[in-house]
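To keep things clear, I will list the structure first and then write my remarks on it.
The values are calculated or read from the model by the stated rules, or taken from the named source; none is laboratory data. Just so we're clear, the structure is a prediction, and the values are computed from it rather than from any experiment. Counting neighbours? That spans all protein chains shown, and the Cβs are built from the backbone with ideal geometry, glycine included. Just so you know, the surface numbers come from the protein's heavy atoms only, side chains and all, with ligands and any DNA or RNA stripped out. Shrake-Rupley method; radii C 1.70, N 1.55, O 1.52, S 1.80 Å.
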Amino acid sequence: MDFKKAVADILTIALGDEDIYESLETPRDVKLGDYAFPCFRLAKTLKKSPAVIAAQIKEKVENKSEFVARIETAGAYVNFFLDKGAAAKAVISEIIDKGERYGRGSAGRGAVTIDFSSPNVAKPFHIGHLRTTVIGNALYNIYDFIGYKSVGINHLGDWGTQFGKMITAYVKWGDREEIEKKGVKELNRLYVLFHREAKEDKSLEDEARAWFIKMQNGDEDALSVWRWFVEISLREFNKIYRLLDIKFDYFTGESFYNDKMDAVVTELKEKGLLEESDGAMIVNLERYDMPPLMVLRKDGGTLYATRDLATAFYRKEEFNFVKSLYVVGLEQSLHFKQLFKVIELMGYDWDMAHIPFGLVRLEGGKLSTREGQVVLMEELLDEAVKRSKAIIERKNPSLDNKDEVARQVGVGAIIFNDLYNSRIKDVVFSWERILSFDGETGPYVQYTHARARAVLANGGTAAIDADNIDFSILADEFSYETVKLLGAFGDKAIEAAEKCEPYIITRYLVDLAQAFNRFYHENMVLSADAAVKTARLALVFCVKTVLASGLKLIGVAAPEKM
Ligand code: ARG
């Protein structure tokens, strides 16, 4: 229930104008109403004074909406005063009726594939992968919420020439037990070692190439080592996904496309898009101010881009997406621009988008690890959980389930912070700030949710029933502010999806939590008279419901107690 939209709608009908919503203003002074419509633009086209037009509009839209209590004109403006009781009734009845389904929409028009997380086998899961993981997961939930069919895909980096190097290093210097014990860290050490040694000894590169050719030819010796690398890596990645409580519909990594690339290469050839260059096959993109996209190496080998081409076609065929999103760091912008251009040149008009994001900067640099520059995700998440556990021990030592709540709060704090700004901005990370219970943080919103639950629990067991509520009680400024925000939830989800910006939800949750805390500070709930208490408890229930739904959308848990 968006009241601004309700007001815009009656104006649209009266004026036959489509752009009302954007031009409706929210006056700073409440004495000027909840929404104000300026008539300057119409005055120009209709060649009448704005004040005359305002008066005419007022007449036309009077008594056209149950939510509007009063309409006044003030100079060039038509001011709308909402009926606060009617607004409260509409929103609260709907939330009571729909519960956690409140706000869900049917704006979706089919499947959206969301390629996210997609770490590289045998390489550490770094903080950039955390960003794609939490942004992608939030978009997955948000698209699903507004009615699309979300398809979450982890495009694991599990194929490529680097595996020839890995196998070479393993055969030369590796130890099976050491890898079993230390996992990706050890695999990465071997990989780094390979590069150091290869500077001196050129034959290593040849050996690596030979191993990769074996892999491509289906050699069981090579493939079994490779498969084991994948398994070792997935063990670690899955630990992180479990901690984050994030799931994928498909784990189709790059190797999945090994037998699906020929078809695309053939089609490129047939469409006259392939050119030879130094023995390699490329798509020339000079006309579009881009370097060529290499599709086949000199030795006939395929590349990351070749696999991404096959991937796009597979996803179109398999899921018939209406939208295909790739949540990948900014540094791959060119790759995706090239990829989308080539698909367009092949004659396909698909809605595909690269969803980039900024870097994570560490305040104070206290997070450095033994590896130096890369922060390992597991360490970061473990640290967050440890710190929230300490806070909980201090604030609420008798809490049940302390370990699980510490996980929800610690991990939630990191996710919330990551999704607090527009994606493209760098995330600045400071433990004190993200774990604070009274900043614009995950713990603050979670705490507000738990507080609402506690108020409800203390309010008695009576079921909340819209028929027993006198909604005019909720006409005070603080209740009303909260009601308006509750009413906007569904539209916020649509906006977040349209812009692919989870922060729209994150900020909304902070606004709602703040409005609720003001409401609770200004209004007695539990000690009020029966009718007042009933009405206010209903509002508390609605806030709790929507905070929980919103947190779920961005992938943050909403513990009942903390
Ligand atoms: N594995 C890549 C990386 O870690 C990301 C893959 C993104 N997805 C894709 N379809 N290219 O940088």
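Pull up the DSSP beta bridges for segment 248-375 and report the antiparallel fraction as a percent, rounded to 5.
Within segment 248-375, antiparallel bridges account for around 70 percent of the total.
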So the angle from the long Cα axis of helix 503-522 to the longest Cα principal axis of the chain, reported in degrees to the nearest 10, equals 40 degrees
Is the chain rounded, prolate or oblate when judged by the Cα gyration tensor, a ≥ b ≥ c being the square roots of its eigenvalues, rounded requiring a/c under 1.5 and prolate requiring a/b larger than b/c?
oblate
With the Cα gyration tensor of segment 1-152 giving a ≥ b ≥ c as the square roots of its eigenvalues, does the rule (a/c under 1.5 for rounded; else a/b larger than b/c for prolate; else oblate) give rounded, prolate or oblate?
prolate
DSSP beta bridges in the chain, what fraction antiparallel, as a percent rounded to 5?
55 percent
Starting from the Cα gyration tensor of segment 1-41, take the square roots of the eigenvalues, sort them a ≥ b ≥ c, and report rounded, prolate or oblate (rounded when a/c is under 1.5, otherwise prolate if a/b is larger than b/c, else oblate).
oblate
Place +1 on the Cβ of every Lys and Arg and -1 on the Cβ of every Asp and Glu in the chain, take the dipole about the Cα centre, and give the residue among Val30, Gly136, Pro397 whose Cα lies farthest towards its positive end.
Val30
Would you pull out the residues with amide H under 5 Å of Gly103's amide H, same chain only if 5 or more places away, H placed 1.01 Å from N?
none
Listed residues Ile504, Ala528, Gly487: farthest to the positive end of the dipole of segment 443-553 (Cβ charges)
Ile504
Along segment 382-396, what does the Karplus equation 6.51 cos²θ - 1.76 cosθ + 1.60 (θ = phi - 60°) give for ³J(HN,Hα), rounded to whole Hz, x for Gly and Pro?
4, 4, 4, 5, 4, 5, 5, 4, 4, 5, 5, 4, 7, 7, 8
Please report the relative contact order for segment 269-311, taking Cα pairs under 8 Å with a sequence separation of at least 6, and give it as a percent rounded to a whole number.
26 percent
Report in % the part of the accessible area of the chain that belongs to carbon and sulfur, leaving out ligands and nucleic acids; probe 1.4 Å.
49 percent
Karplus couplings for segment 223-231 from phi (6.51 cos²θ - 1.76 cosθ + 1.60, θ = phi - 60°), rounded to Hz, Gly and Pro as x?
5, 5, 5, 4, 4, 5, 4, 4, 5
Ranked output for segments 389-400, 27-38 by mean other Cβ atoms within 10 Å, highest leading, reads 27-38, 389-400
Inverse of mean 1/r across different Cα pairs in segment 429-550, Kirkwood, Å
15.1 Å
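Magnitude of the Cβ-charge dipole of the chain, K/R +1 and D/E -1, about the Cα centre, nearest 20 debye?
Its charge dipole is roughly 1060 debye.
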For Thr73, other-chain or 5+-apart residues with amide H closer than 5 Å (H placed, Pro excluded) are Asn79
Quickly rank 306-318, 116-128 as a protection proxy: mean count of other C-beta atoms within 10 Å, highest first.
116-128, 306-318
Express the accessible area of the chain per residue in Å², computed with a 1.4 Å probe while the remaining protein chains stay in the model.
47 Å²
